[in-house]
Amino acid sequence: MSSLADIFRRLIATTGPISLAHYMAESNAHYYAEQKPIGGQDADFITAPEISQMFGELVGLWLADMWDRAGRPDPVLYIELGPGRGTLARDALRVMARQGLVPQVHLVETSPAMRAAQLAAVPGATHHHDLSSLPDDGPILLVANEFLDALPVRQLVKTDDGWREVMVGVDPAGQFIEMPGRQPMDSAVSEAHRDAPPGTVIETSPACAAVATEVAGLLAQQGGAALFMDYGHADGRAGSSLQAVRGHEKLGVFDAPGEADLSAHVHFAQIAEVASSNGGRVLGTTTQGAWLAALGIEQRAEALAKSAPQHREAVMQAKRRLTAPDQMGELFKVMGLAGTDWPEGAGFAHKSSLWS
Ligand code: SAH
């Protein structure tokens, strides 16, 4: 069977350079369909819900609290985008059930391998290929952890001839190389960046913006609340953030297409802007560390350690990994959205601090 690298080489030989966004989309579709990327030692990377059950539990508590203060609507839909092994859904749903919240479960996932894992963790869940087929008969409680970072980014580079899209071509030795596209892209660049010096790269994600638009539309139509959790920054800084990871190690973006996870920083300011102009209410954006602390991870860790003293060290280490500024606490952000008549969200009290 041809490797994805060979398929790309043939495609580029036939049609010319492809956009970096196309390269990323195809690489990740291939990667998530065939690899076992997330979780233990032999996996490529580990995510917050795989570090500790505390993460999914606090997400479940946040959703149950929103639902409770919104008057306990019924029916209500739990929706997760890119649920990986289904661990977050399982932990969140367990806690929600204890609060009397038993939603219908709808999972948006393209990978057959991931779908199978999710059904084992959450039997009875309904799968969707994208957001367009989600039911419209109840408010939504939506979660997406490390989903947006896997969606394709588009990069634009300033050349001596103006802004161009970053394309992927092949050099005479058969290596993938980046090159500016032929078509002028100046109109796609905001006023703030237009006069940047040659060589400047800016990154946008039309795919993330499309998801934010759709989620905001669901919140406006059906009510509910949503949490986007991912690594990224609040402002729209310049530069490429695209990276490849395999076996917990970074490698070059073009080293192993389809065999490494490609991800990029999420531009939360862009998500907020798109969501609010499409009917979503932004509750705030904060760091994962501050959000988990506000939701009581300290107390949850103590309770877990008391009930299983032999695991105290592991529980405290997991808590540190999720919250410490030099671990996931600062780089990872949590953004809350809600429908118009829904309450404010716990943990977003300092929402203005990231934006000042
Ligand atoms: N949320 C999980 C997994 C994160 S990895 C966790 O925190 O552990 C990204 C997930 O999104 C995987 O399940 C992957 O298969 C899925 N995914 C990636 N691109 C997607 C797309 N375009 N549509 C739907 N799911 C996608």
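The values are calculated or read from the model by the stated rules, or taken from the named source; none is laboratory data. Values in this document were obtained by computation on a predicted structure and should not be read as measured data. With ideal geometry, Cβ positions are generated from the backbone for all residues, glycine too; neighbour counts draw on all protein chains shown.
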Residue list for region 119-174, filter: among the hydrophobic types (A, V, I, L, M, F, W, C), assigned to a loop (DSSP other than H, G, I, E, B) and within 16 Å of the ligand (Cβ to nearest atom): Val122, Ala125, Leu134, Phe147, Leu151, Val153
Qualifying residues in region 185-208 (those that are crowded, with 18+ Cβ neighbours inside 10 Å and closer than 30 Å to Tyr78 by Cα) - the one modelled with the highest pLDDT: Cys208
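Residue-by-condition table, conditions (1) in contact (Cβ under 8 Å) with a residue 24 or more places away in the chain; (2) out of contact with any helix residue (DSSP H, G or I) (no Cβ under 9 Å at 6 or more places or on another chain):
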position	(1), (2)
Gln299	no, yes
Leu304	yes, no
His311	no, no
Gly336	yes, no
Gly339	yes, no
Glu344	yes, no
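Conditions tested, residue by residue: (1) among the hydroxyl-bearing types (Ser, Thr, Tyr); (2) under 23 Å from Val168 (Cβ atoms).
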{"residue": "Ser2", "(1), (2)": "yes, yes"}
{"residue": "Ile7", "(1), (2)": "no, yes"}
{"residue": "Leu11", "(1), (2)": "no, yes"}
{"residue": "Ala33", "(1), (2)": "no, yes"}
{"residue": "Gly39", "(1), (2)": "no, no"}
{"residue": "Ser52", "(1), (2)": "yes, no"}
{"residue": "Leu61", "(1), (2)": "no, no"}
{"residue": "Met66", "(1), (2)": "no, no"}
Val266 being without any contact (Cβ under 8 Å) to a residue 60 or more places away in the chain, among the β-branched types (Val, Ile, Thr) and surrounded by 17 or more Cβ atoms within 10 Å (Cβ to Cβ): no
Hey, Ala113 in a helix (DSSP H, G or I), under 24 Å from Ile46 (Cα atoms), more than 17 Å from the chain's Cα centre (by Cα) and within 9 Å of the ligand (Cβ to nearest atom) or not: yes
Segments classed as helices (runs of 4 or more DSSP H), wholly inside region 1-73, with at least 1 members that are touching a residue at least 12 places away in the same chain (Cβ under 8 Å), more than 10 Å from the ligand (Cβ to nearest atom) and at negative phi: 4-15, 20-34, 53-69
Condition met for Ala244 (in contact with a strand residue (DSSP E or B) (Cβ under 6 Å, 6 or more places away or on another chain), surrounded by 21 or more Cβ atoms within 10 Å (Cβ to Cβ), touching a residue at least 24 places away in the same chain (Cβ under 8 Å) and part of a strand (DSSP E or B)): no
Those residues of region 179-202 which are small (Gly, Ala, Ser) and assigned to a strand (DSSP E or B), in sequence order: Gly181
Pairs where the first residue, in region 189-204, is in contact (Cβ under 8 Å) with a residue 24 or more places away in the chain and closer than 12 Å to Trp163 by Cβ and the second is hydroxyl-bearing (Ser, Thr, Tyr) and assigned to a loop (DSSP other than H, G, I, E, B), C-beta under 7 Å, 6+ apart: Val201/Ser240
